[in-house]
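> Have a look at this one.
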Amino acid sequence: MYKSLIFNKDILSADQFTKDNLKQIIEVAHKMRRVVEKQKYSQVLKGKVMTALFYEPSSRTYGSFISAMQHLGGGFIPIQGVTYSSVSKGETLTDTIRTFASFSDIIVLRHPEIGSAKIAAEFSPKPIINAGDGVGEHPSQALLDFYTITDHFSQVSNITVTFVGDLLNGRTVHSLARVLSLFPKIKINLVSPQILKFPPELLEKLKQRGVIFYETEKLEKVIAKCDVLYITRVQKERFSDLDTYEKIKHYYILSADKVSLMKRKSIIMHPFPRVGEILADVDLDPRSVYLTEQMRNGMYVRMAILALVLNKTVRI
Ligand code: NCD
């Protein structure tokens, strides 16, 4: 039985997690994995309803939250692409939030504006889970990424993680870097073109926690030394000038010959979608976990988050 550390809490930023929170979420996610593998479902969330309110496209986050709710016996209101909701009539975010808060017990929100989840939480009597607020954060993705990492490296504090790609706009990187900075002995390499560098204010904040960061444009400088290679797509929707996007979109392309330089026990992660930055030959490499574990873990971790936010105690 788990006495939830995040009962009734909004999940807005990866900064809100302590090591104890992480430990509990990881343990419960492990149990959820067993539930799905052995008995397929549980009734832990019977009678609860989740609204999935997505103003931006999504496949994995949306699908895994809904699947998580279903595996736990709960119901859901699916709003993907707000075209068919009153948002298209001009309804404000706060009115929409208050509406769905009256029909459901928790709201999972994806929205293009940074800070939108925080605003939603101020108006919502029910917990809000930030499923991506523009270029801001994506805390549930950080939890599933962290879970995937801990599954491979029991001593998270001694590893080297290399982030590659659009580090300026990639919210999954922003959130995962925040989580990893709770382990100051970790080394983090930031590999990006000049114009897509990790936000300097965030970098300063994380450096203050004692983590050593190394910034470079050249993947070949660090590829042989890392334990986790976390590659991301260039975020087209954040560019006002598409010519620049076209020039830069394939700045890094991971191929099997580059992967052959990596440590034998390293792992390759990607939050997906990929749009050309990992070639198909890399999928067959045993170090690639993006299409397998990382994706499945999304569902287990979201089962854990939903169960812990919605219940004071969780019996599984
Ligand atoms: C990411 C996102 O939406 O931030 N996708 C996801 O949730 N797995 C990454 C991306 O869109 O590039």
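The values are calculated or read from the model by the stated rules, or taken from the named source; none is laboratory data. Computed from a prediction, not measured in an experiment: that's the story for all the values here. We place every Cβ from the backbone using ideal geometry, glycine too, and count neighbours over all the protein chains shown.
> For PHE17, indicate whether it is within 17 Å of the chain's Cα centre (by Cα), within 16 Å of the ligand (Cβ to nearest atom) and at pLDDT 95 or above.
No: the conditions fail for PHE17.
> On to the next question. Can you tell me which residues in segment 224-248 are within 23 Å of the chain's Cα centre (by Cα) and more than 15 Å from the ligand (Cβ to nearest atom)?
Hits for segment 224-248 are CYS226, ASP227, VAL228, LEU229.
> Quick one: would you say LEU310 is buried (at least 17 other Cβ atoms within 10 Å of the Cβ) and in contact with a strand residue (DSSP E or B) (Cβ under 9 Å, 6 or more places away or on another chain)?
yes
> Of all residues in segment 102-129, which are of a type in the set (A, V, I, L, M, F, W, C) and touching a Phe, Trp or Tyr at 6+ places or on another chain (Cβ under 9 Å)?
ILE107, VAL108, LEU109, ILE129
> Restricting attention to segment 167-186, which residues are buried (at least 22 other Cβ atoms within 10 Å of the Cβ), over 11 Å from PHE17 (Cβ atoms) and within 10 Å of the ligand (Cβ to nearest atom)?
GLY170, ARG171, THR172, VAL173, HIS174
> Which one is surrounded by the most Cβ atoms within 10 Å (Cβ to Cβ), of the residues in segment 261-278 that are within 14 Å of VAL222 (Cβ to Cβ) and not basic (Lys, Arg)?
Looking only at segment 261-278, we keep the residues that are within 14 Å of VAL222 (Cβ to Cβ), and these are 261-263, 266, 268.
Next, only the ones that are not basic (Lys, Arg) stay: 261-262, 266, 268.
On the way: LEU261: 11, MET262: 20, SER266: 20, ILE268: 23.
Restricting to residues being within 14 Å of VAL222 (Cβ to Cβ) and not basic (Lys, Arg), the top hit is ILE268.
> Select from segment 132-165 the residues that are away from the ligand (no atom under 11 Å from the Cβ), assigned to a helix (DSSP H, G or I) and among the aliphatic types (A, V, I, L, M) and list them in ascending order.
LEU143, ILE149, VAL156
> Further question on the same structure: Among the residues of segment 89-104, is there at least one that is within 16 Å of the ligand (Cβ to nearest atom) and either over 25 Å from ASN311 (Cβ atoms) or free of Cβ contacts under 8 Å to residues at least 24 places away in the same chain (or both)?
no
> Right, something else. Among (1) under 15 Å from the mean Cα position of the chain (by Cα); (2) aliphatic (A, V, I, L, M); (3) within 16 Å of the ligand (Cβ to nearest atom), there is one condition VAL275 misses while meeting the rest; what is its number?
Every listed condition holds for VAL275 apart from (1).
> While we're looking at this one, here's another question. Of all residues in segment 114-131, count the ones that are under 19 Å from SER59 (Cα atoms) and either assigned to a loop (DSSP other than H, G, I, E, B) or of a type in the set (S, T, N, Q) (or both).
1
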